[in-house]
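Structure, as structure tokens:
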Amino acid sequence: MAEGDPVRPRFRTSGPAAALLASAFVVSTCGLIYELLASTLASYLLGDSVTQFSTVIGSYLFAMGVGSWCSRYVKRDEVRLFVRVELLIALIGGSSAAALFLLFPLVEHFRVALYGLVLAIGFLVGLEIPLLIRILRGFDFRETVSNVLTFDYVGALVASLLFPLLLMPHLGMIRTGFLFGIANAAVALALLFALPRAASYRSEKVAAILILIGLAAGFAASDRLQRWAEVASYGEPVIYAQTTRFQRIVLTRRDDDLRLYLNGNLQFSSRDEYRYHEALVHPALGRVANLRNVLILGGGDGLAAREVLKHPEVTKLTLVDLDGEMTSLFAHTPTLTRLNGGSLTDKRMTVINADGFRWAREHSGQYDAIIIDFPDPVDYSVGKLYTETFYRAVRKLLAPGGMMVVQSTSPLVAPNAFWTVATTLEAAGLQTRGYHVYVPSFGEWGFVLAAPGPIPNQARILPGGRFLTPIIDQRLFDFPPDMARRPTPVNRLDNQVLVREFADAWDKYES
């Protein structure tokens with residue numbers, strides 16, 4: 001050995017080696033989980049999942065590269081530094097989801113906090129693997145790099161499967177973060193006892209135990225932390241919250257105002273939802289001559305179905321909604337069934353839990369009226385439900401003389417997005433008529449009627465509605481100049497212009 005070369009410990013037992021290789025697996029699994037948590041949380045809170053996943057993952061990988069590059073400056077005591085890095089990742093990564101949820105309603109520049117955490121975790125994860133490889137060179141491994149990378153890649157596969165299939169639907173983001181922080185800290189603690197000269201790592205052992213206790217307490221209090229964050233975000237008492245495979249469902253209540261939020265976006269307020277749903281349903285159904293069989297795509301809360309079932313001539317109603325947890329909640333909770341009139345358990349109703357895009361392309365039924373009540377196109381996964389491809393599939397489901405209506409966002413806030421829906425429906429071979437209604441919780445809101453043939457001017461509006469009358473029906477189709485039709489592109493699967501138009505308009509409005 002040349003004079004001045006750093007002295008690396010050489011171990012004769014296999015115990016430390018096995019512990020270090022096992023840590024490579026845990027390091028990779030935990031690191032990818034933190035990355036997926038930040039990306040998913042950003043898409044929940046900020047919308048546009050493609051942008052959020054792309055920028056978060058890109059930032060994370062960049063920070064990993066910086067961390068890997070900086071590892072060259074570590075000249076001694078790699079084991080101690082590796083353990084400390086592991087504990088820092090456990091602390092920061094494990095609490096990251098909880099911290100971001102709590103910070104979102106409190107800080108003005110949330111993205112600074114988001115990317116600060118992403119960069120910090122990525123930098124530390126980038127330090128781990130080079131340090132681990134250098135430590136393992138103290139063993140007589142001929143294939144040190146290949147051994148570490150094998151465990152690293154296997155850990156990444158495990159994380160990518162666990163996250164969507166088990167962790168998100170059953171634990172949620174905050175609890176998942178704490179769980180994998182515990183895993184990081186536990187590996188560090190186990191490594192401390194497995195390594196030679198364990199007595200010299202006393203301060204690291206104490207830190208590991210304290211971090212484990214703190215993360216375990218966070219895991220136990222995850223539901224309470226989630227509630228605190230949501231109460232601060234919504235400004236209203238949260239009476240129900242659940243994370244499903246597809247979305248975060250939150251119900252709030254203040255006095256007589258019950259509100260539904262999906263992924264943080266308001267879906268309805270019980271004080272004025274009747275305006276929205278009467279305007280969504282009756283102008284379309286009232287323009288169908290032979291109304292018997294109706295299809296609703298989306299609308300898992302059953303409120304649009306409530307309005308459809310007011311038409312006595314409807315003999316069959318089919319509702320297709322992605323989330324079975326959503327339809328079950330609104331079918332069996334007394335407070336909610338009073339609101340939707342028990343529509344989801346009506347004898348005329350058939351509820352199908354399926355992806356609307358795939359279902360429409362594979363189904364071959366014929367419907368006299370189709371109501372499309374999807375959430376706004378905040379990201380590309382929802383934006384596909386506003387594309388020419390989707391509308392062509394839905395058009396095939398319309399019976400002769402049938403009518404469809406599409407929830408189409410605000411023509412005042414996002415006029416380009418609103419009229420893009422009409423342009424896209426026309427590209428699918430349908431004639432259209434846009435209309436709008438004022439809903440206090442949303443402001444001016446828009447819908448588009450569409451049919452293979454001419455759309456009647458007059459509609460048969462049921463008596464007894466709280467809002468809609470034949471005279472009001474006619475007024476809905478009048479647009480002032482600031483909401484008037486304008487040239488817009490077609491929203492296709494390969495361009496998704498609607499998502500960008502929607503995001504740009506609402507960002508400007510809310511800034």
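Every number here is computed from the coordinates shown, using simple stated rules; none is lab data. Not measured: the values here are computed from a predicted model. When we count neighbours, we look across all protein chains shown, and the Cβ atoms used for this are built from the backbone with ideal geometry, even at glycine.
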Report task. Kindly give Rg over Rh for the range 15-221, based on alpha-carbon atoms, with the Kirkwood expression for the hydrodynamic radius. Result -> 0.97
Report task. Over the Cα atoms of the chain, compute the convex hull volume and normalise it per residue, giving Å³. Result -> 162 Å³
Report summary line: Most packed first (mean Cβ within 10 Å per residue), the peptides 416-423, 38-45 order as 416-423, 38-45
Query raised in the report: Normalised by the residues of the chain, what does the relative contact order come to in percent, with Cα pairs under 8 Å and at least six apart?
Result: 13 percent
Query raised in the report: How do TRP359, TRP69 rank when sorted from fewest to most other Cβ atoms within 10 Å of their own Cβ?
Result: TRP69, TRP359
Report summary line: The answer for LEU398, listing residues at least 5 apart or on another chain whose modeled amide H is closer than 5 Å to its amide H, is TYR367
Requested in this report: Averaging sequence separations of C-alpha pairs under 8 Å and six or more residues apart, then dividing by the length of the range 370-511, give the relative contact order as a whole percent.
Outcome: 31 percent
Query raised in the report: Amide H of ARG271: which non-local residues (sequence gap of 5 or more, or other chain) have their own amide H closer than 5 Å, using H built in the peptide plane?
Result: LEU258
Query - Distant-in-sequence amide H partners of ASN491 (H built 1.01 Å from N, under 5 Å) - result: GLU388, THR424
Query raised in the report: Using a Cα distance threshold of under 19 Å, what count of lysine pairs results for the chain when pairs must be 8 or more residues apart or interchain?
Result: 4
